[in-house]
Structures are given as structure tokens and as C-alpha cells.
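Inspection log for the structure reproduced underneath, given as C-alpha cells.
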Amino acid sequence: MTGKLVVVSNRIPTGATPSGGLVVAVHDALTRSGGLWVGAHPDEGTPDQDGLTEIASGDYTRLAFHLTPEEYDSYYLGFANSVLWPLCHGRVDLVDIERGFEETYLAVNARVARLLADQIGEGDIVWVHDYHFLPLASELRKLGITARIGFFLHIPFPPLGALSTLPSPDDFAEWLSAYDLVGLQTRRDTASCLEMFRADPRAEFMTDGSVKFRDRSVSVRSFPIGIDAESFAEAAAVEGPDAELGIDMHEDLVIGVDRLDYSKGLPNRFRAFGKFLDSRAGTGRRASLLQIAPPTRERVAAYRAIRTELEEIAGRLNGEHAELDWTPIRYIHRGVERDTLARLHRRARACLVTSLADGMNLVAKEYVAAQDPEDPGVLILSRFAGAAEDMTEALLVNPYDIDETSEAIETAITMPLEERRRRHAHSLGVVHATNVTDWAQSFVSCLKTCTPTLDYRRAQ
Ligand code: GDG
């Protein structure tokens, strides 16, 4: 197969500082291979405009489709982010089903399929990303496209029972069966996806491990995503005065970096940090939490609610614990330059990743990559983040357990050097074994051949 790689995802880079895991990872992959990247136009809800528009292209071509304001509301904010996102992150209570959401989601996918069909040539392979495009392959098949099409889900695969929340629960299996390869972040997600097919009378399991669904067969595998560890480590090691980063060398710095999303467990993280401050009261030892949390999806009510909740907790804790010359929680509701972020990670004694559910969590890998191996900081990692499946030597916590998380902060900051080095060496091994280049290459080569194995790492 000699055709080009065609990537489809909701977001495409426009030159601004990328702050989404998917964008960072796929940009790196396409820069290396060349090809075509199709995504939604960055101007949210542009007036009715058909066709694809070329936007800032470099090593590969980028084409954007346009969403009308109504489509943006019902497809993107609606079905994708008020139904599928909470469903996949175990927040069925936040699922908001409105008339027209699913219809628009299907219509947008059908339109994108029509636009895409003209771009797909003989021998091309198509790689579709994430929950915005679950039905895309099925729409492309209706148009007679026979190319190999793969799908990668960046977020957790929903548990079987939760699928009943969908207006048409059987659609999920139907949509996924139109792909040749379905890639998931973890072995646990793979098991959940296979469980869905196992429970579906239309599916049949083949001896090579693939799933036969009507007249097609689909392979389901895990491809844990990673980062470009070397370039992140390089950026982290750039020397510069602490004052430039706003760091006080007399205090222990704990860092958190997350889009302000309810799946990231930020209120519980702040509460745990508050308990930790309580436990240190009167000791004269200072620690501060630097939380960088750029805004995201602010027109969805659940996101406005989490912002209000977090600001209330931060304000209360700072009111209780701050001194004239010290603010224990520094909460920045803006994006920060990647290079600054990398340097901050290296200076932080600990990093808090306390997701209540998370496909992988790249911040966990970035923090590990940024450390000085001779004197590394400690990663405190939620056992509900996909990263925890392999990073078993991080300090794993249950983010619902505030006491446990609070104690983990103390353990991390006071951990002896030898133990820090041992734990870090293991985590760094995982980061290197799952780097983003291998991730993309493994997915693409598996899509070309679809040889039967349930986990690409075991095949290497
Ligand atoms: C989804 C899944 C999965 C964050 N703030 C800033 C900034 N970031 C960067 C981080 C990291 C990325 O954004 C966030 O990636 P995560 O993986 O942590 O989370 P999601 O955005 O939810 O990504 C997730 C991922 O897709 C990939 O498959 O791991 O589970 O939810 O790279 O560093 N970057 C800069 N400034 C910021 O303020 N420059």
C-alpha cells in the first residue's frame, strides 16, 4: 500500500500553542509522515459554508470543514460533549440528551464523509480520531469507500451498562464495526469494547481475535499514546532564573496542569491539598500548589459549574492558609507556553494527576520526562487515568479518597532520593516505551495489515 495517510479529528493546529493531547500527538506524527489532516474550522460556528478550506499548511496539508452555529451547538457542544464525553467518563448524571443532538451529529458525520470521500485516493488509509466521528466510517462505507479505515478513541471506552444512556444504544457497535481497526488507550478499554461486542447478538468472534459483524470484520487493540519525551526533556532542562518562573526556592512546589474539565478531579485535588496544608500548619514548612487550568467548552453548563466550584475552594483555602508573603494555591485559568510548562515541571517536587476518569493523561508522561533523573520529583497519579495501567511505580491514588491523596503529597515531598530515583526510572521506561512516534507508527502499520494481537507492545 503506497497511498497517503488521511487523518480526521475535531481539532487541527493553527499555529497557536496547542493545549490538547490529540493535537500535540497527531501533529508530531503527520510532520514525520506527511499527508492530509481534515478537521473542524477553528472559527467556532461559522456561517453556512460548504466544502473544505485549506488552512495553514506546512509539512502536510490541512483542510477544514465548517460548522454552522446550530451545528456547533448540537453536534460539538451537544451530542459530542454533553452526551458522549460524560458517558465515556462515567458521568452519566451529566449526560444531557436533547432532541436534535443525535440527528445533527449524524448529519455532520454524513457531510464530512461526503467531503472526505473526494480526498481519498487509491491505496490511501484513513485514520479517524475520537468520539466526534464514531459514525464516520459507516458513512464513508455507504458512499462506497473501501479504503482501510482505523479509529482511535482517546478517551475511556464506556462500560457496557452506560451505553444504554444513548438514544440508540445499539449504534455504538454498528458504528465501530465499519472500521477495520479500533484502537483504544488501555487493555481495560479494549476489554470493555470487546465486552460490548460479546453482548451483541450481531457480533461473532473469529479465531484470529477479530470481531465479525454482519459482512465486515474489525480488530480491537490497545495502543497507549505517549509523548515526544526527548523534546519535552530538552525544553525542561533549559536553565533560567527561578524568579522568571515565579518560584520561591524556599518552598516545595507541587504542580497540576489540566484543561478545566470535570473529569480531571480538580475540586478533590484542591481539597486534598487543603488537608495537606492543615497537616503542616504550624510547622513553618511551606508548600504551594501551582494549578494551570486553561478554559475549555465554557458554554456547557457542567464546565461553568466546575469553574465556580474550583474558584470557591481555592478562595476558601487561600483565605484560611495564606500569609502576607505566601499564597498556597496559585490557580491560573489560562494556557501557559509549552516551554515554560516544561521548566515548571522540572522544578516541581511533585505533580498531581487526579483524574476521576482519563483515557491516558499525557501530563503524567510529560512530568516524568521533564525530571532530572539524578534528583527527580514524584508523580502522584490517579488509578483511574489510563497512564496508571503501566506507570505502576508512580504514587497511585484513589482521587475520591481525599485523605489518601493528601498523605500522598506528604509522602512525595519527603520521599528519600533513592526511592524517587527508582520510581522515576520505572516511569521513564514506560514513557520511552510508549513514545508518540511508535504509537502512530504502530497504529498505522497495524491498520495496513491488521494482524491479530490484542496489544501492540506484546508484538514488538
Ligand atoms: C485527551 C484525553 C488523552 C494543558 N494545559 C496547557 C497545555 N496542556 C497540554 C498538556 C498535555 C495536553 O495539553 C493535555 O493532554 P491530556 O492527555 O492530559 O488530556 P486531554 O486534553 O483531556 O486529552 C486524554 C489525550 O487526549 C491524548 O490521547 O491522554 O486522556 O482526555 O500535552 O501539556 N499545554 C500548554 N499550555 C497549557 O496551559 N502549552
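Of note:
- 1.4 Å probe accessible area per residue over region 344-460, in Å²: 38 Å²
- Per residue, region 73-165 exposes 34 Å² of solvent-accessible protein surface, assessed with a 1.4 angstrom probe and all protein chains in place.
- Axis of helix 436-449 versus longest Cα principal axis of the chain: the two differ by about 20°, to the nearest ten degrees.
- Using 0.36 nm per residue and subtracting the Cα-Cα separation, the extra length available between Thr414 and Ser164 on full extension is 85.4 nm.
- Signed unit charges on C-beta, dipole axis of the chain, positive-most listed residue Asn398, Gln371, Ser192: Ser192
- Under-5 Å amide H pairs with Ile12, H placed in peptide plane, nonlocal only: Ala40
- Sorted on the mean count of surrounding Cβ atoms within 10 Å across their residues, most packed first, peptides 239-248, 337-346, 367-376 read 367-376, 337-346, 239-248.
- Percent breakdown of C-alpha pair distances by 5 Å bin, ordered from the shortest bin, for region 225-276: 4, 12, 15, 18, 19, 20, 10, 0
- Against the chain, whose longest principal axis comes from its Cα atoms, helix 266-280 is set at around 20 degrees.
- When DSSP beta bridges are restricted to pairs lying wholly in region 229-433, around 5% turn out antiparallel.
- Rh (Kirkwood; distinct C-alpha pairs) - region 229-433, Å: 16.9 Å
- Label-to-label distance, nm, for residues given as Leu324 and Thr14 (7 Å Cα→Cβ offset): 4.7 nm
- By the equivalent-ellipsoid construction on the alpha carbon gyration tensor, the chain comes out with semi-axes of 38, 23, 22 Å, ordered largest to smallest.
- With a cut-off of 10 Å between beta carbons, the residues surrounding Val257 carry a summed charge of 0, where Lys and Arg count +1 and Asp and Glu -1.
- Each of the peptides 203-212, 395-404 was scored by the mean count of other Cβ atoms within 10 Å over its residues; in descending order, highest first, they stand as 395-404, 203-212.
- Whole-Å distance, taken between Cα centres, linking region 158-186 and region 392-424: 35 Å
- The chain, relative contact order in percent, only Cα pairs under 8 angstrom and at least six apart counted: 15 percent
- Efficiency of FRET from Cβ geometry, Glu122 and Arg99, R₀ 41 Å, rounded to 0.05: 0.50
- Spin-label model distance (nm) - Glu44 vs Glu70, 7 Å beyond Cα toward Cβ: 2.0 nm
- Carbon plus sulfur fraction of accessible area for the chain, probe 1.4 Å, in percent: 49 percent
- Taking 0.36 nm per residue of separation and subtracting the current Cα-Cα distance, fully stretching the chain between Thr437 and Asp375 would add 19.6 nm.
- Dipole check for the chain: with +1 at the C-beta of Lys and Arg, -1 at the C-beta of Asp and Glu, and the Cα centre as origin, the magnitude is about 760 Debye.
- The C-alpha atoms of the chain define a longest principal axis, and helix 101-117 lies at about 70 degrees to it.
- What you get for region 229-433, charging only the Cβ of Lys and Arg (+1) and of Asp and Glu (-1), is a dipole of about 540 debye around the Cα centre.
- Beta bridges by DSSP in the chain, antiparallel share as percent, to the nearest 5: 20 percent
The values are calculated or read from the model by the stated rules, or taken from the named source; none is laboratory data. A quick note: this is a predicted structure, and the numbers were derived from the prediction, not measured. Methodologically, a virtual Cβ is constructed for each residue, glycine included, from the backbone with ideal geometry; neighbour enumeration extends over all protein chains shown. Ligands, DNA and RNA are excluded from the accessible area calculation, which covers all protein heavy atoms including side chains. Shrake-Rupley method; radii C 1.70, N 1.55, O 1.52, S 1.80 Å.
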